């Protein structure tokens with residue numbers, strides 16, 4: 001489907017009929033070669049069968065799922081998603097061709113009226129079918145008016161969603177750390193084949209295994225950090241009364257005198273309190 005993206009992108013720069021298709025075809029062929037070589041290289045290294053599919057349009061869409069089979073999308077196998085993507089692509093291409101044929105018939109018979117609409121600060125050119133279409137071209141009028149608006153547009157959304165899923169599976173397999181960036185770039189810009197070519201030499205991995213390995217590595221780093229740098233200044237003499245000590249001859253603490261002796265109580269040599277003493281008993285003498 002990237003072919004039509006190239007074509008419509010080129011049409012914005014020229015009014016010619018054949019130039020957009022020529023430039024779009026060349027760009028599509030170049031990116032397609034990159035993609036085919038990348039898929040073939042991956043298939044040879046990983047030992048996948050039917051490597052010829054990498055060079056055949058539509059089949060190579062399915063083969064993306066074959067190369068990404070080590071990962072799933074919510075328990076759905078990548079190859080299953082790739083089959084749906086390839087089928088949607090075939091239907092879209094066929095419907096686009098039918099639309100272009102109908103448009104060509106209508107243009108050759110001068111049955112399309114050019115209209116210029118102004119909104120959002122710009123002029124937009126559209127074509128509508130006039131009322132003079134003969135009976136033998138009524139099918140073309142229906143295709144032009146309804147096929148693209150109600151069928152192709154919906155199918156295009158389905159294909160777009162499936163393509164995102166299969167790209168996520170592929171880049172999770174061969175570009176784990178940057179799979180999100182690679183996927184978004186492939187969706188926004190028609191350079192998917194080039195990105196495939198960039199990661200073609202990476203070994204296929206399971207994304208779940210990659211996440212587990214990353215978590216284990218980070219945990220080991222955390223444990224090493226604790227052992228090397230963590231020193232608890234309070235991790236000593238817990239549960240001991242610091243005042244239940246008597247200084248010895250060297251000034252070291254030991255068991256003995258009450259530090260608050262004389263502040264309201266009597267204690268013996270072992271620091272046990274006896275009969276309380278009134279600290280103000282001498283004032284009335």
Quick check: is even one residue across segment 139-149 at pLDDT below 90, assigned to a strand (DSSP E or B) and surrounded by 12 or more Cβ atoms within 10 Å (Cβ to Cβ)? no
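Taking the options 78, 102, 82, name whichever one is over 30 Å from residue 167 (Cα atoms) and at pLDDT 90 or above.
On the way: 78 fails: over 30 Å from residue 167 (Cα atoms); 82 fails: over 30 Å from residue 167 (Cα atoms).
Of the residues listed, the single one that is over 30 Å from residue 167 (Cα atoms) and at pLDDT 90 or above is 102.
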State which residue pairs qualify: first residue on the phi > 0 side of the Ramachandran plot and surrounded by fewer than 10 Cβ atoms within 10 Å (Cβ to Cβ) and inside segment 116-134, second residue assigned to a strand (DSSP E or B) and modelled with pLDDT under 80 in any location, beta carbons under 7 Å apart, and separation of 6 or more residues or different chains. none
The one condition in (1) at pLDDT below 90; (2) surrounded by fewer than 16 Cβ atoms within 10 Å (Cβ to Cβ); (3) more than 26 Å from the chain's Cα centre (by Cα) that residue 50 fails to fulfil: (1)
Name, by its number, the condition in (1) closer than 19 Å to residue 171 by Cα; (2) assigned to a loop (DSSP other than H, G, I, E, B); (3) at pLDDT below 90 that does not hold for residue 13. (1)
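The values are calculated or read from the model by the stated rules, or taken from the named source; none is laboratory data. Keep in mind it's a predicted model, so treat the numbers as computed, not measured. Cβ sites come from the backbone with ideal geometry, for glycine too, and all protein chains shown count toward neighbours.
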